[in-house]
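K.L.:
First, the structure itself, so that you have it in front of you.
The values are calculated or read from the model by the stated rules, or taken from the named source; none is laboratory data. What you see is a predicted model; the values in this text were computed from it and never measured. Cβ atoms come from the backbone with ideal geometry, glycine included; neighbour counts cover every protein chain shown. Calculation scope for accessible area: heavy atoms of the full protein, side chains included, ligands and nucleic acids excluded. Shrake-Rupley method; radii C 1.70, N 1.55, O 1.52, S 1.80 Å.
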Amino acid sequence: MRLIVILYLSFLLVIPVSLIFWRTFSHGVAPVWHALQDPAMTSAFRVTGIVTGISVVIDTVFGVTISLLLVRYRFFGRRFLDAILDLPLAISPVVVGLALILVYGKYGWFGGFLERHGFQVIFALPGMVLATVFTSLPLVAREVMPVLEEIGVEQEQAARTLGAGPTQTFRRVTLPAIRWALAYGVVLSMARCLGEYGAVSVVSGRLVNKTQTLPLIVDQSFQNYDVTTAYTASFVLAAIAIASLVVISLLRPKERA
Amino acid sequence: MGIDVHHITKRFGDFVALDDVSLSIPTGQLTALLGPSGGGKSTLLRIIAGLEEPDSGTVTIEGVDATALPPQRRNVGFVFQHYAAFKHLSVYRNVAFGLEIRKRPKDEIRTRVMELLELVHLEQFADRYPAQLSGGQRQRMALARALAVEPSVMLLDEPFGALDAQVRRELRDWLRRLHDEVHVTTVFVTHDQEEALEVSDEIVVINQGAVEQTGTPSALYDQPANEFVMRFLGPVTHLGGHLVRPHDIDISLTPEPATHAATVSRIQRVGFEVRVEARTADTTDADEVSIQLTRGLADRLDLAVGQQLWLRASHDASALDLTDTPALAVS
């Protein structure tokens, strides 16, 4: 049983990812360093950073808010809302991208109005943020909700009777109680945002030096037989993801003590 | 003054938790809200604290109408059955919480918290976390935390309900002594009649969303207003159409006026007391009569199964005439 799991994980996860690392540095560090200096690459870094940064902030705020709403309040349509929260994970990202174009594109039913007022969504950063947020929306909420459920309302009520208002109660009692779930949700959401390909590829227009992200560079340079760039970008993406998961798993057990 | 509750009604869907309840709780006393689970006593306490909103009625705390005030502005201390300790804060920070919210100076907080930790005998645990404390210690911490903000009333919701019998008893005595020292108006909810009788100055019996009776422990025990209160406050048995306490039955070995003949069917010794079950000729007593007597008396009477006895309620006993129910009184 254990052997099957190990083999399965090896062929599916460990070997492919290690091969990326291996291939990236097969000609030493110099070509990688060179590829990192490329203007298309630095631009992709910047774009990915901005899109991920904004998206993670939105995901976090939305995730915590909707978790509180779904766990702490009873209202008509709550179960429906809970069910459709997972929609972004179920729906194909390419479809999300297309849908956004239908709404915010130049000839979409809302995009034309925005563009006339000097605000371009599609083929620009706002559209990419929208697409990224959409695909990663439930990740924070799904981590936080079970913990909120588990800690119950009594600590919050105790804080209220001790003189804390709703904001103070959230900051001093609720937030510390959910912090590890929240951190884990943020890391998952960040990893998802960094790697988002499908939806972003549709709405970004892949304008080199403008709207190209790291995953888009991987795909494009691979298609163009520029394997060094493809491997380098892949390596960076994989390294960031692994690093953040390692940091979280190092921090987490301390809390249990 | 104290706490005044006026015509409070609260429904949860179709269930009526409190039905037009009015109540006055005097300042400085230890009052027990006693009743069976689901009777509405916890709901009433939570309404006083502002953790639950009544459908109608008003709550006045120390002369201030608190009905519309959120919990943080009512200046009440609340203690939960399951402690509600802030798990991420040390014992010290837990107790300091209310004072930190009120932005008191650091020195003042330090003095006050240490004073309270001493009061609840937790001074050497200041740096521990709630997870490292026993249930009884956690509940004492919760009490200190609630007392720290100098509340005008303390509300305790089944405070000892989650503790085992031994600790329960200790904390009960301790709460009584603490109240004698601190004198803050205190209301605690319990379904344990022994706890209520032992600790409180006054008991409010609540059942099915209504107040059955209010009074001192001895008044309630000696003059129960109705069958429910009598049954809830202690063991009862039937004798000659009356509800009597088993320890209020006199036994004689010879026929005497106004006694009921009975045959002993079982004798059980429990420590220093002896419980006797006897069957009377009177068919109105469907079950056997239970009699509780001291070991010394039982030895002197030299009781045996099958023996003939004559029973009578003691002349100073609190007996409730079951034929004298309000419905019959009207007819």
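K.L.:
Filter the range A:112-152 down to the residues that are over 26 Å from residue A:196 (Cβ atoms), open to solvent by 30 Å² or more (accessible area, probe 1.4 Å) and in contact with a helix residue (DSSP H, G or I) (Cβ under 8 Å, 6 or more places away or on another chain) and list them by number.
P.N.:
Within the range A:112-152, A:149, A:151 meet the criteria.
K.L.:
I would also like to ask the following. With a cut-off of at least 2 residues that are open to solvent by 10 Å² or more (accessible area, probe 1.4 Å), of a type in the set (A, V, I, L, M, F, W, C) and within 13 Å of residue A:241 (Cα to Cα), name the helices (runs of 4 or more DSSP H) lying wholly within the range A:153-198.
P.N.:
Numbers: elements: A:154-161, A:166-169, A:175-195.
Here the list reads A:175-195.
K.L.:
Does residue B:110 qualify as being closer than 20 Å to residue A:163 by Cβ and more than 9 Å from chain A (Cβ to nearest Cβ)?
P.N.:
On the way: closer than 20 Å to residue A:163 by Cβ: yes; more than 9 Å from chain A (Cβ to nearest Cβ): yes.
Considered against the rule, which asks whether it is closer than 20 Å to residue A:163 by Cβ and more than 9 Å from chain A (Cβ to nearest Cβ), residue B:110 comes out as yes.
K.L.:
Whether any residue in the range B:219-239 is within 31 Å of the chain's Cα centre (by Cα), surrounded by 19 or more Cβ atoms within 10 Å (Cβ to Cβ) and over 29 Å from residue B:189 (Cβ atoms) is what I want to check.
P.N.:
There is at least one residue in the range B:219-239 that is within 31 Å of the chain's Cα centre (by Cα), surrounded by 19 or more Cβ atoms within 10 Å (Cβ to Cβ) and over 29 Å from residue B:189 (Cβ atoms).
K.L.:
For the range B:192-223, which residues satisfy the criterion of being in contact with a strand residue (DSSP E or B) (Cβ under 7 Å, 6 or more places away or on another chain) and assigned to a loop (DSSP other than H, G, I, E, B)? Walk me through how you get there before you give the answer.
P.N.:
Narrowing the range B:192-223 to residues in contact with a strand residue (DSSP E or B) (Cβ under 7 Å, 6 or more places away or on another chain): B:193, B:196, B:199-206, B:209-217, B:220.
Matches in the range B:192-223: B:200, B:201, B:209, B:216.
K.L.:
Let me confirm something: among B:111, B:58, B:27, which residue is open to solvent by 40 Å² or more (accessible area, probe 1.4 Å), assigned to a loop (DSSP other than H, G, I, E, B) and of a type in the set (Val, Ile, Thr)?
P.N.:
Result: B:27 is the single residue among B:111, B:58, B:27 that is open to solvent by 40 Å² or more (accessible area, probe 1.4 Å), assigned to a loop (DSSP other than H, G, I, E, B) and of a type in the set (Val, Ile, Thr).
K.L.:
Could I ask something else about it? I need a count of the residues in the range B:12-29 that are farther than 18 Å from residue B:76 by Cα and among the hydroxyl-bearing types (Ser, Thr, Tyr).
P.N.:
So in the range B:12-29, the residues farther than 18 Å from residue B:76 by Cα come out as B:12-22.
From the residues that got through so far, the ones that are among the hydroxyl-bearing types (Ser, Thr, Tyr) too are B:22.
Going through the range B:12-29 one residue at a time, the tally reaches 1.
K.L.:
Scan the range B:75-87 and give yes if some residue there is open to solvent by 20 Å² or more (accessible area, probe 1.4 Å) and assigned to a helix (DSSP H, G or I), otherwise no. Step through it out loud before you land on a result.
P.N.:
Residues of the range B:75-87 open to solvent by 20 Å² or more (accessible area, probe 1.4 Å): B:75, B:81-83, B:87.
Retained after the next criterion (residues that are assigned to a helix (DSSP H, G or I)): none.
Looking through the range B:75-87, none of the residues is open to solvent by 20 Å² or more (accessible area, probe 1.4 Å) and assigned to a helix (DSSP H, G or I).
K.L.:
Just give me the residues in the range B:89-99 being more than 8 Å from every other protein chain (Cβ to nearest Cβ) and either touching a Pro at 6+ places or on another chain (Cβ under 7 Å) or part of a helix (DSSP H, G or I) (or both), in sequence order.
P.N.:
Answer for the range B:89-99, where residues must be more than 8 Å from every other protein chain (Cβ to nearest Cβ) and either touching a Pro at 6+ places or on another chain (Cβ under 7 Å) or part of a helix (DSSP H, G or I) (or both): B:91, B:92, B:93, B:94, B:95, B:96, B:99.
K.L.:
Same structure, new question: Which residue is farthest from residue B:248 (Cα to Cα), if the candidates are limited to the range B:262-297 and must be more than 32 Å from the chain's Cα centre (by Cα), modelled with pLDDT of 85 or more and of a type in the set (Gly, Ala, Ser)?
P.N.:
B:265
K.L.:
Can you tell me which condition residue A:95 does not meet? The list is (1) open to solvent by 20 Å² or more (accessible area, probe 1.4 Å); (2) away from chain B (no Cβ under 14 Å); (3) assigned to a loop (DSSP other than H, G, I, E, B), and all the others hold.
P.N.:
For residue A:95, the exception is condition (3).
K.L.:
Here is a follow-up. Among what's in the range B:46-71 and is closer than 19 Å to residue A:156 by Cα and in contact with a Ser or Thr (Cβ under 7 Å, 6 or more places away or on another chain), pick the residue that is farthest from the other protein chains (Cβ to nearest Cβ).
P.N.:
Applying the first criterion (closer than 19 Å to residue A:156 by Cα) to the range B:46-71 yields B:46-53, B:69-71.
Going one step further and asking which of them are in contact with a Ser or Thr (Cβ under 7 Å, 6 or more places away or on another chain), we end up with B:49, B:52, B:71.
Details: B:49: 6, B:52: 10, B:71: 4 Å.
Checking each candidate, the answer is B:52.
K.L.:
What tally of residues in the range A:106-136 results from selecting those that are under 23 Å from the mean Cα position of the chain (by Cα) and outside any helix (DSSP H, G or I)? Break it down into steps so the answer makes sense when it comes.
P.N.:
Initial filter on the range A:106-136 (under 23 Å from the mean Cα position of the chain (by Cα)): A:120-136.
Now narrow it down to the ones that are outside any helix (DSSP H, G or I): A:120-124.
Result for the range A:106-136: 5.
K.L.:
Name, by its number, the condition in (1) of a type in the set (Val, Ile, Thr); (2) modelled with pLDDT of 95 or more; (3) open to solvent by 40 Å² or more (accessible area, probe 1.4 Å) that does not hold for residue A:60.
P.N.:
All conditions pass for residue A:60, except number (3).
K.L.:
On the basis of being open to solvent by less than 10 Å² (accessible area, probe 1.4 Å), among the small types (Gly, Ala, Ser) and either under 16 Å from the mean Cα position of the chain (by Cα) or more than 14 Å from chain A (Cβ to nearest Cβ) (or both), does residue B:161 make the cut?
P.N.:
Values: open to solvent by less than 10 Å² (accessible area, probe 1.4 Å): no; among the small types (Gly, Ala, Ser): yes; either under 16 Å from the mean Cα position of the chain (by Cα) or more than 14 Å from chain A (Cβ to nearest Cβ) (or both): yes.
Criteria not met by residue B:161.
K.L.:
With the requirement that a residue be facing chain A (nearest Cβ under 8 Å) and on the phi < 0 side of the Ramachandran plot, what does the range B:74-88 give you?
P.N.:
Across the range B:74-88, the qualifying residues are B:74, B:76, B:77, B:78, B:80, B:82, B:85, B:86, B:87, B:88.
K.L.:
Please verify whether residue B:166 is open to solvent by 10 Å² or more (accessible area, probe 1.4 Å), at pLDDT 90 or above and more than 13 Å from the chain's Cα centre (by Cα), treating the condition exactly as stated.
P.N.:
Against the criterion (open to solvent by 10 Å² or more (accessible area, probe 1.4 Å), at pLDDT 90 or above and more than 13 Å from the chain's Cα centre (by Cα)), residue B:166 does not qualify.
K.L.:
Looking only at the range B:113-126, count every residue that is within 14 Å of another protein chain (Cβ to nearest Cβ) and under 28 Å from the mean Cα position of the chain (by Cα) and tell me the total. Before the answer, list the steps.
P.N.:
So in the range B:113-126, the residues within 14 Å of another protein chain (Cβ to nearest Cβ) come out as B:113, B:116.
Narrowing further to those that are under 28 Å from the mean Cα position of the chain (by Cα): B:116.
Summing the residues that are within 14 Å of another protein chain (Cβ to nearest Cβ) and under 28 Å from the mean Cα position of the chain (by Cα) in the range B:113-126 gives 1.
Okay, residues lined up against (1) at pLDDT 90 or above; (2) touching a His at 6+ places or on another chain (Cβ under 6 Å); (3) in a helix (DSSP H, G or I); (4) away from chain B (no Cβ under 14 Å):
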| residue | (1), (2), (3), (4) |
| --- | --- |
| A:209 | no, no, no, yes |
| A:218 | no, no, yes, yes |
| A:222 | no, no, yes, yes |
| A:229 | no, no, yes, yes |
| A:255 | no, no, yes, no |
